[in-house]
Amino acid sequence: MCHHPGVEQSELTHGETFAALHRRGDPVLLANAWDAASAAVIQAAGAKAIATTSSGVAWALGVPDGGLLGAAALGAALGRIVAAVDIPVTADIEDGYGPGPADVAVTVRAALDAGAVGINLEDRAGGQRTLFSPAEQAARIAAARAEAGGAGQPLWINARTDVYLAGIGEPERRLALVLRLAQVYADAGADSLFVPGVTDPGILAALVDGPLPLNAMVSDGAPPVAELAALGVARISLGSAIAQAAYGVADRAARELFTAGSYGGTAGALPYPTLNAMFPARR
């Protein structure tokens with residue numbers, strides 16, 4: 001069970017809230033956070049829930065993305081993010097930080113203990129080019145569901161498949177493969193399907209007709225929210241895009257300082273009092 005007094009009821013409320021946000025045609029919008037400050041800023045901007053980006057969390061902790069963070073570091077980072085907001089938090093747990101169902105269960109336990117009510121779980125191990133077999137990934141999803149169910153805690157499982165992102169198989173066969181995997185993952189206990197690497201409206205429309213609500217990952221140049229909603233998408237996330245943009249600001253401002261000796265790269269910054277007021281004082 002959760003180790004923090006009073007968290008169970010809060011998690012139940014957040015879990016129900018988060019599940020209800022997934023509506024085909026009226027998608028939940030997730031501007032992914034990577035630390036407590038980014039989560040607080042995103043909540044203040046009007047978010048209904050917070051999703052983490054594994055790459056952003058890893059970079060903020062000085063670790064490269066790709067399954068290297070580990071359950072303990074993930075749990076610690078998640079705990080800080082959950083404490084900084086009062087809306088549901090869902091965690092990108094990559095491949096579960098290990099190949100087996102037991103590894104996934106350990107990582108899910110760390111996420112739940114930190115206060116998360118959802119996860120993304122990939123079907124590709126540590127950024128490799130091959131996917132877990134459908135049976136292997138089904139067992140991993142089932143382990144995540146069992147870990148949450150055994151503790152009586154809510155968990156929205158966003159099953160991610162990297163068929164398109166990793167370029168698995170022949171292009172003309174990828175859609176059929178993803179739809180087959182979606183059914184396998186749904187039967188194993190997944191709540192939604194996440195297919196990064198797809199923004200083509202025709203493919204998205206076909207995926208929306210599959211067995212699970214669809215999560216589309218977007219960035220600049222992708223179809224706008226209204227178009228994705230009209231297709232029936234239930235969840236839209238930005239992945240690492242905001243973290244990359246933030247580090248892009250740091251890069252440009254620093255280079256301008258070191259070369260031109262000017263400071264225009266810091267224009268548009270949030271005011272110090274605004275940021276500082278987002279966190280309760282602790283002594």
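Along each of the three principal axes of the Cα atoms of the stretch 7-276, give the extent in whole Å, ordering the values from largest to smallest.
Answer, in whole Å and largest first: 57, 44, 34 Å.
If each of residue 86 and residue 102 carries a label point 7 Å out from its Cα toward its Cβ, how far apart are those two points in nm?
4.2
Between residue 225 and residue 262, what length in nm is gained on full extension when 0.36 nm per residue of separation is reduced by their alpha carbon distance?
9.6 nm
Under a 5 Å amide H to amide H cut-off, with H placed in plane at 1.01 Å, what residues pair with residue 235 once short-range neighbours are removed?
Result for residue 235 returns 28, 214, 216.
Picking from 210, 270, 25, whose Cα lies most toward the positive end of the charge dipole for the chain (charges on Cβ: Lys, Arg +1; Asp, Glu -1)?
270
Of 259, 107, 199, which is the most mobile in a GNM of the chain whose springs link Cα atoms less than 10 angstrom apart?
259
Per DSSP H run of at least 4 residues, take -39500 (n - 2.57); add these up for the chain, divide by its residues and hand me the 222 nm value, nearest 500 deg cm²/dmol.
My calculation for the chain gives -14000 deg cm²/dmol from helical runs alone.
Taking the highest mean first, how do the peptides 206-212, 263-269 order by number of other beta carbon atoms within 10 angstrom per residue?
Ranked from most to least packed, the peptides come out as 206-212, 263-269.
Just how far, in whole angstrom, is the stretch 42-70 from the stretch 71-135 if you go by their alpha carbon centroids?
Cα centroid of the stretch 71-135 versus Cα centroid of the stretch 42-70: 11 Å apart.
Ranking request for peptides 113-122, 240-249: highest mean number of other beta-carbon atoms within 10 Å first, then the rest in descending order.
Highest-to-lowest ranking by the protection proxy: 113-122, 240-249.
Residue 246 to residue 135: FRET efficiency via 1/(1 + (r/R0)^6), r the Cβ-Cβ distance, R0 51 Å, to the nearest 0.05?
0.80
Run the quick spin-label model on residue 205 and residue 254: label points 7 Å from Cα toward the beta carbon, then report their separation in nm to one decimal.
4.6
Dipole size in debye (nearest 20) for the chain around its Cα centre, Lys and Arg Cβ +1, Asp and Glu Cβ -1?
Dipole of the chain, to the nearest 20 debye: 360 debye.
Step through the residues of the stretch 154-163 one at a time and calculate ³J(HN,Hα) from phi using the Karplus curve (6.51 cos²θ - 1.76 cosθ + 1.60, θ = phi - 60°), rounding each to whole Hz and writing x for Gly and Pro.
Each residue's phi maps through the Karplus curve to give x, 7, 8, 9, 9, 7, 9, 10, 9, 3 Hz.
FYI, it's all coordinate maths here, none of it is from the lab. All values reported here derive from a predicted model rather than from experimental measurement. Here Cβ is always computed from backbone atoms with ideal geometry, including for glycine, and neighbour counts include all displayed protein chains.
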